[in-house]
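The values are calculated or read from the model by the stated rules, or taken from the named source; none is laboratory data. Worth saying up front: this structure is predicted, and the values here are computed from it rather than measured. Glycine also receives a Cβ, built like all others from the backbone with ideal geometry; neighbour counts cover every protein chain displayed.
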Amino acid sequence: MTMTQRQPETRRQPDTIRDEVLAVDGISVRLSGREILHDVRFSLRRGEFAGLIGSNGAGKTTLLRVILGLTAPTAGEVRIGGRSRGRRGGVGYVPQKILLDPDMPLRARDLVGLGLHGQRYGIPLPSRSRRERVDEMLRAVGAEEFADARVGNLSGGEQQRVLIAHALISRPQLLLLDEPLANLDIRSEQEVVALLARIAKEQQVAVLLSAHEMNPLLPVMDRVVYLAAGRAASGTPDEVVRTEVLSELYGHHVDVIQVHDRILVVAGRAERPHTPASDDATPVAGPGRP
């Protein structure tokens, strides 16, 4: 378990280093004089599924933008596949909001195919290999049935499948998803989470998914990165979702309790002024966790 500026990183074995896809090493960000992230540290290996958990304003989107190379950190370094650089290749991204006009004549398979030509202008020429690659990704996310439907007419869960295929078709090492479960019904939410967990294992892609709560992710999640007021605790859910760990993270006492097969983090208002005050009772985990 990693807590910001609390535990020195232990010496990693060569196999762990070789499998490491993402390393976030001491990332801090200040914007307009306000500290958004403070010394955030964690890593992900191939095939791992991690949840980036935190309320609105905790710094989740800012952290994703730093990993993508879209926001420069004030301090620290991000490495993808062992390399540090600006705008990073090898990363697939599903943004938080995409408006898809129902009248736009763009089929699901067309949107997936655009993931192969993101750096080119104009309409890509058809080819057998390109069609086969698109069909492969549509099958991987279970979107064959609506491959020729207009993306604007698809349900929220169907659109998420297509967007995931679009992000994966370039075969990235790392897949980032910003609030992909927002506005989905429970069934679609479960289906998307199960799909991402399967893809992580089958394609050995490291998946980092941001969300307000942990409950939908808990059955498949290998690691959690819990953000509060720009600080982070990371590790397995059992290591992180504990009273003593989250109390230290928030800077005041919180209780982690189980109610009706859900675990709630119950806290009073924090003393630090930038700690989210709306998190007096936030569901973060599911059954079976201490």
(message) Quick check on Arg242: is it charged (D, E, K, R), under 20 Å from Ala200 (Cα atoms) and surrounded by fewer than 24 Cβ atoms within 10 Å (Cβ to Cβ)?
(response) no
(message) Scan the stretch 120-129 and tell me whether some residue there is outside any loop (DSSP other than H, G, I, E, B) and over 30 Å from Val225 (Cβ atoms).
(response) yes
(request) Quickly run through the stretch 224-264 and pick out the residues that are in contact with a Ser or Thr (Cβ under 6 Å, 6 or more places away or on another chain), within 20 Å of Glu48 (Cβ to Cβ) and charged (D, E, K, R). (result) none
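Does Ser84 satisfy the condition of being free of Cβ contacts under 8 Å to residues at least 40 places away in the same chain, closer than 16 Å to Gln173 by Cβ, of a type outside the set (A, V, I, L, M) and surrounded by fewer than 16 Cβ atoms within 10 Å (Cβ to Cβ)?
It is true that Ser84 is free of Cβ contacts under 8 Å to residues at least 40 places away in the same chain, closer than 16 Å to Gln173 by Cβ, of a type outside the set (A, V, I, L, M) and surrounded by fewer than 16 Cβ atoms within 10 Å (Cβ to Cβ).
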(request) Name the residue, out of Asp238, Asp185, that is at negative phi, at pLDDT below 95 and in contact with a Lys or Arg (Cβ under 8 Å, 6 or more places away or on another chain). (result) Asp238
(message) Criterion first (modelled with pLDDT of 85 or more and surrounded by 21 or more Cβ atoms within 10 Å (Cβ to Cβ)) does Leu195 satisfy it?
(response) no
(request) Return the total of residues in the stretch 130-153 being part of a loop (DSSP other than H, G, I, E, B) and either in contact with a Pro (Cβ under 9 Å, 6 or more places away or on another chain) or surrounded by fewer than 13 Cβ atoms within 10 Å (Cβ to Cβ) (or both). (result) 1
